[in-house]
Amino acid sequence: MDAFTTLDGLVAPLDRANVDTDQIIPKQYLKSIKRTGFGDYLFDAWRFLDQGTMGMTPNERQINREFSLNLPEYQGASILIARDNFGCGSSREHAVWALKEFGFRAVLAPSFADIFFGNCFKNGVLPITLPAEVIDDLFKRVATGLTLSIDLRAQTVTDGEHVHGFEIDPALKEKMLTGMDDIDLTLAEAELIRSFEAGHRQRQPWLFRD
Amino acid sequence: MSSKPKTLYDKVWEAHEVGRRSDGNSLLYIDLQLLHEVTSPQAFEGLQLAGRPLWRVDANLATPDHNVPTSVRALGFDGITDEVALEQVVTLDKNCKAFGVQQFEILDPRQGIVHVVGPEQGATMPGMTVVCGDSHTSTHGAFAALAQGIGTSEVEHVMATQCLVQNKAKNFAVNVTGALSEGVTAKDLVLAIIGRLGTAGATGHTIEYRGEAIRQLSMEGRMTLCNMSIEAGARAGLVAVDDTTINYIHGRPFAPKGELWNQAEDYWRTLVSDEGAVFDASITIDASTIAPQVSWGTSPEMVAGIDDVVPDPKDMNDGVQAESTELALTYMDLQPGQKITDIAVSRIFIGSCTNARIEDLRAAAAQIRGGKVAANVSEALVVPGSGLVKAQAEAEGLAQQFIDAGFQWRSAGCSMCLGMNPDQLGEGEHCASTSNRNFEGRQGYGGRTHLVSPAMAAAAAINGHFVDIRNAQHQQGGAG
């Protein structure tokens with residue numbers, strides 16, 4: 001996984017609450033058996049005016065010129081600001097794959113849905129929870145070409161002279177900073193798992209079919 | 001030793017906690033992983049690339065469900081005309097064979113929606129930890145199993161280690177007192193709960209549904225209830241074990257037999273929250289106050305009783321909520337103050353992991369009463385949750401009742417719940433749907449979903465618009 005330490009980037013806004021993963025990446029693109037190829041279809045039904053299908057490229061689509069991510073001032077943004085409960089709905093990790101491939105490495109919102117939040121950390125995309133009034137203020141100023149500096153180690157988002165601290169689970173922070181592989185980390189505890197499993201089999205033998 | 005009263009969630013969690021790391025996260029042992037074609041291929045590929053085996057082959061069970069066509073099942077793979085979808089279903093088949101995972105393949109009568117198949121086979125048992133790369137895994141919580149939807153990286157992690165790395169969630173009690181009225185089902189109950197909690201109301205929590213009304217629900221009703229826990233933000237929902245649970249599991253193919261059954265039953269009966277157990281949050285709802293529910297917006301929290309009207313954003317104090325409502329009403333093409341019973345529908349979908357079990361089909365068929373699908377309804381689909389549900393409905397004569405009334409009788413799969421297969425809404429069409437999500441475009445590009453119970457969907461099919469099924473008079477109007 002890609003590590004995440006610091007990020008200086010342009011901010012783009014998505015001013016809607018409860019953005020669900022069906023919006024982030026619609027179902028017709030979930031048929032792929034790969035982890036890549038989703039960026040072109042991020043927020044597909046909002047970015048484009050026509051109905052997209054797998055394999056279409058953005059230059060053969062009808063662009064929705066009014067949608068925030070299509071506005072010239074937000075091109076090249078790597079930080080997305082969003083509203084409450086971002087990423088609700090389906091567990092599809094494709095949503096994070098699409099955001100990352102499009103260019104977003106951090107999402108700032110007052111709250112996130114649980115499964116999406118966890119999926120971000122598997123892919124080096126940093127979800128940052130900030131108070132609603134801070135997010136509100138960022139929305140008000142975003143059109144001026146707002147850039148932010150994120151420092152994960154220091155747990156800060158710096159906005160000009162303002163520095164906003166944020167909370168993060170220490171384990172998730174460490175994982176992001178190092179880009180460690182989760183499975184390697186857990187397999188280092190394989191003996192512990194095996195010993196638990198042996199006891200579990202004794203306590204609840206009906207759970208084992210072999 | 002003092003024994004602090006524990007919640008059901010505490011008990012199942014503790015029985016699976018392999019260890020706690022210094023950073024506060026736990027390793028949680030997983031008893032069952034359900035697999036389907038959409039979220040597993042990248043995980044299998046990851047295992048293969050790293051040269052890792054499955055930790056425990058017998059803890060996995062697979063079936064294709066999201067992509068399978070529901071109209072031409074007898075052709076098997078050849079019935080899938082979308083090449084990309086075909087590759088995904090074939091990949092699941094190849095992976096299951098390569099790794100030795102048991103699969104109910106596309107032509108197996110036991111194939112169906114994973115969350116229907118697991119319980120039906122008795123593969124879901126009380127006190128288990130269950131995961132699947134699908135957010136509606138919460139369904140299995142009806143059995144007092146800690147069942148959670150996970151992303152594909154976590155699917156691969158469970159394949160390789162039989163564990164999840166997780167922080168324990170908080171405990172949320174949803175107490176439902178009293179009894180549901182005639183014509184009001186588990187679906188209406190859960191929609192009302194989501195309406196009350198909001199779509200993020202239980203984020204970070206595991207819900208336990210408690211109280212008299214929950215005890216009265218059948219296992220299928222409890223599955224419907226737990227299924228939509230994720231729509232209130234909770235990764236998992238639970239119902240404590242009682243006779244209803246035990247009786248449902250007894251005799252199913254994967255259930256323990258003989259002495260092992262007795263041993264299992266003794267343990268399962270301990271899977272209830274202790275008297276005095278403390279919950280971090282709770283709400284209490286009086287079941288008798290709940291009317292049949294219909295969603296009017298683009299989030300499952302946007303629901304109203306059938307006797308109510310579409311809300312007016314002008315009445316809302318919260319600016320973000322008012323704006324969301326306005327966006328939703330524009331997308332849905334509904335007017336503030338419009339009566340819910342005045343919403344016409346042109347498509348009907350009876351199916352999904354929420355409502356495609358035999359009791360759902362019985363409740364839907366009971367609304368037909370010799371009527372026909374209304375002239376303004378262009379298509380009414382009935383998609384059973386599994387091949388076995390389908391066979392049972394045919395044996396009971398339900399299938400014929402649907403067909404005679406003008407419904408299409410299909411084969412099992414996720415179908416138009418998310419429209420990954422050819423079953424999709426057209427732009428602007430209003431659909432009475434027994435599924436779980438009314439997000440923009442969920443059932444088809446530009447489609448407008450109204451979430452309802454199976455009985456409400458069937459009654460809407462016959463009348464061409466929503467009707468209050470508690471009021472028998474609506475049937476005399478015929479196709480209105």
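The values are calculated or read from the model by the stated rules, or taken from the named source; none is laboratory data. Predicted model only: the values in this text are computed from it and were never measured. All Cβ positions, even for glycine, are placed from backbone atoms using ideal geometry, and neighbour counts span all protein chains on display. For accessibility, only protein heavy atoms count, side chains too; no ligands or nucleic acids. Shrake-Rupley method; radii C 1.70, N 1.55, O 1.52, S 1.80 Å.
For (1) farther than 24 Å from B:Met302 by Cα; (2) open to solvent by 10 Å² or more (accessible area, probe 1.4 Å); (3) within 14 Å of chain A (Cβ to nearest Cβ); (4) more than 20 Å from the chain's Cα centre (by Cα), each residue gets a yes or a no:
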residue	(1), (2), (3), (4)
B:Val382	yes, no, no, no
B:Ser386	yes, no, no, no
B:Ala391	yes, yes, no, yes
B:Glu396	yes, yes, no, yes
B:Ala412	yes, no, no, no
B:Ser415	no, no, yes, no
B:Gln424	no, yes, yes, no
B:Ser435	no, no, yes, no
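Checked against (1) under 17 Å from the mean Cα position of the chain (by Cα); (2) within 14 Å of chain A (Cβ to nearest Cβ); (3) open to solvent by less than 10 Å² (accessible area, probe 1.4 Å); (4) under 21 Å from A:Gly89 (Cα atoms), B:Phe143 passes all but a single condition, namely (4). Scanning region B:304-333 for residues that are closer than 24 Å to B:Ala432 by Cα, surrounded by fewer than 16 Cβ atoms within 10 Å (Cβ to Cβ) and more than 14 Å from every other protein chain (Cβ to nearest Cβ) yields B:Asp307, B:Asp308, B:Asp312, B:Asp333.
Look through region B:340-366, keep the residues that are among the small types (Gly, Ala, Ser) and closer than 18 Å to B:Asn438 by Cβ, and return whichever of them is most open to solvent (accessible area, probe 1.4 Å). Ranking the qualifying residues of region B:340-366, first place goes to B:Ala344. Would you pick out the residues in region B:59-74 that are farther than 20 Å from B:Met416 by Cβ and either more than 9 Å from chain A (Cβ to nearest Cβ) or without any contact (Cβ under 8 Å) to a residue 40 or more places away in the chain (or both)? The answer is B:Asn60, B:Leu61, B:Ala62, B:Ala74.
So, in region B:243-258, how many residues would count as being more than 10 Å from every other protein chain (Cβ to nearest Cβ) and either assigned to a helix (DSSP H, G or I) or in contact with a Pro (Cβ under 9 Å, 6 or more places away or on another chain) (or both)?
The first filter runs over region B:243-258 and keeps only residues more than 10 Å from every other protein chain (Cβ to nearest Cβ), leaving B:243-253, B:258.
This time we only want the ones that are either assigned to a helix (DSSP H, G or I) or in contact with a Pro (Cβ under 9 Å, 6 or more places away or on another chain) (or both), so: B:243-249, B:252, B:258.
The number of residues fulfilling the criteria is 9.
When region B:196-214 is filtered for residues that are more than 14 Å from chain A (Cβ to nearest Cβ) and within 17 Å of B:Thr325 (Cβ to Cβ), only B:Arg196 remains. How about region B:168-181: which of its residues are more than 21 Å from the chain's Cα centre (by Cα) and under 15 Å from B:Arg470 (Cβ atoms)? The answer is B:Ala179, B:Ser181. Of the residues making up region A:178-196, those that are more than 7 Å from every other protein chain (Cβ to nearest Cβ) and open to solvent by 20 Å² or more (accessible area, probe 1.4 Å) are A:Thr178, A:Met180, A:Asp181, A:Asp184, A:Leu185, A:Ala188, A:Glu191, A:Arg194, A:Ser195.
Of all the numbered requirements in (1) at the interface with chain A (Cβ under 9 Å from one of its Cβ atoms); (2) farther than 26 Å from B:Phe143 by Cβ; (3) in a loop (DSSP other than H, G, I, E, B), B:Ile106 misses one, and that requirement is (1).
Could you name every one of the strands (runs of 3 or more DSSP E) located completely within region A:1-111 that has at least 1 residues being more than 9 Å from chain B (Cβ to nearest Cβ) and open to solvent by 20 Å² or more (accessible area, probe 1.4 Å)? Before you say what the answer is, go through the steps one by one.
Values: elements: A:6-13, A:79-81, A:106-109.
Per the criteria, A:6-13.
Any idea which of (1) more than 10 Å from chain A (Cβ to nearest Cβ); (2) part of a loop (DSSP other than H, G, I, E, B); (3) over 19 Å from the mean Cα position of the chain (by Cα) is the one B:Gly127 doesn't satisfy? Here B:Gly127 meets the rest and fails (1).
B:Val176 versus (1) open to solvent by less than 20 Å² (accessible area, probe 1.4 Å); (2) on the phi > 0 side of the Ramachandran plot: which is the lone unmet condition? In the conditions (1) open to solvent by less than 20 Å² (accessible area, probe 1.4 Å); (2) on the phi > 0 side of the Ramachandran plot, B:Val176 misses (2) alone. The set of residues in region B:11-40 being of a type outside the set (Ser, Thr, Tyr), open to solvent by 10 Å² or more (accessible area, probe 1.4 Å) and out of contact with any strand residue (DSSP E or B) (no Cβ under 7 Å at 6 or more places or on another chain) consists of B:Lys11, B:Glu14, B:Ala15, B:Arg21, B:Asp23, B:Gly24. Against the criterion of being in contact (Cβ under 8 Å) with a residue 40 or more places away in the chain, surrounded by 15 or more Cβ atoms within 10 Å (Cβ to Cβ) and out of contact with any strand residue (DSSP E or B) (no Cβ under 9 Å at 6 or more places or on another chain), A:Leu172 qualifies.
The set of residues from region B:62-83 being open to solvent by 50 Å² or more (accessible area, probe 1.4 Å) and part of a helix (DSSP H, G or I) comprises B:Ala74, B:Leu75, B:Phe77, B:Asp78, B:Glu83. The residue pairs whose first member lies in region B:89-100 and is modelled with pLDDT under 95, whose second member is acidic (Asp, Glu), and whose beta carbons are closer than 9 Å, counting only pairs six or more residues apart or on different chains, do not exist in this structure.
Considering B:Arg269, B:Arg222, B:Arg215, which residue is in contact with an Asp or Glu (Cβ under 7 Å, 6 or more places away or on another chain) and either touching a residue at least 12 places away in the same chain (Cβ under 8 Å) or more than 26 Å from B:Gly195 (Cβ to Cβ) (or both)? First the steps, then the outcome.
On the way: B:Arg269 fails: in contact with an Asp or Glu (Cβ under 7 Å, 6 or more places away or on another chain); B:Arg222 fails: in contact with an Asp or Glu (Cβ under 7 Å, 6 or more places away or on another chain).
After applying the criteria, what remains is B:Arg215.
Reported count of residues in region B:14-44, each being facing chain A (nearest Cβ under 8 Å) and more than 28 Å from the chain's Cα centre (by Cα), is 6. Would you confirm whether any residue within region B:187-196 is over 18 Å from B:His140 (Cα atoms), open to solvent by 30 Å² or more (accessible area, probe 1.4 Å) and in a helix (DSSP H, G or I)? Looking for residues that are over 18 Å from B:His140 (Cα atoms), open to solvent by 30 Å² or more (accessible area, probe 1.4 Å) and in a helix (DSSP H, G or I), one finds at least one in region B:187-196, hence yes. A:Arg153 meets the conditions (1) outside the structural domain of A:Asp22 (by TED's automatic domain parsing); (2) open to solvent by 60 Å² or more (accessible area, probe 1.4 Å) in every case but one. The failed one is (1). Scanning region B:226-242 for residues that are in a helix (DSSP H, G or I), facing another protein chain (nearest Cβ under 9 Å) and not hydrophobic (A, V, I, L, M, F, W, C) yields a count of 1.
Residues considered: B:Val165, B:Val241, B:Val184. Of these, the only one that is surrounded by 24 or more Cβ atoms within 10 Å (Cβ to Cβ) and either aliphatic (A, V, I, L, M) or under 15 Å from the mean Cα position of the chain (by Cα) (or both) is B:Val184. Taking residues in region B:443-468 that are within 14 Å of another protein chain (Cβ to nearest Cβ) and under 24 Å from A:Gly89 (Cα atoms), and partners anywhere that are part of a helix (DSSP H, G or I) and open to solvent by less than 10 Å² (accessible area, probe 1.4 Å), the pairs with Cβ atoms closer than 7 Å and at least 6 places apart or on different chains are B:Gln443/B:Met416; B:Arg448/B:Met332; B:Leu451/B:Leu191.
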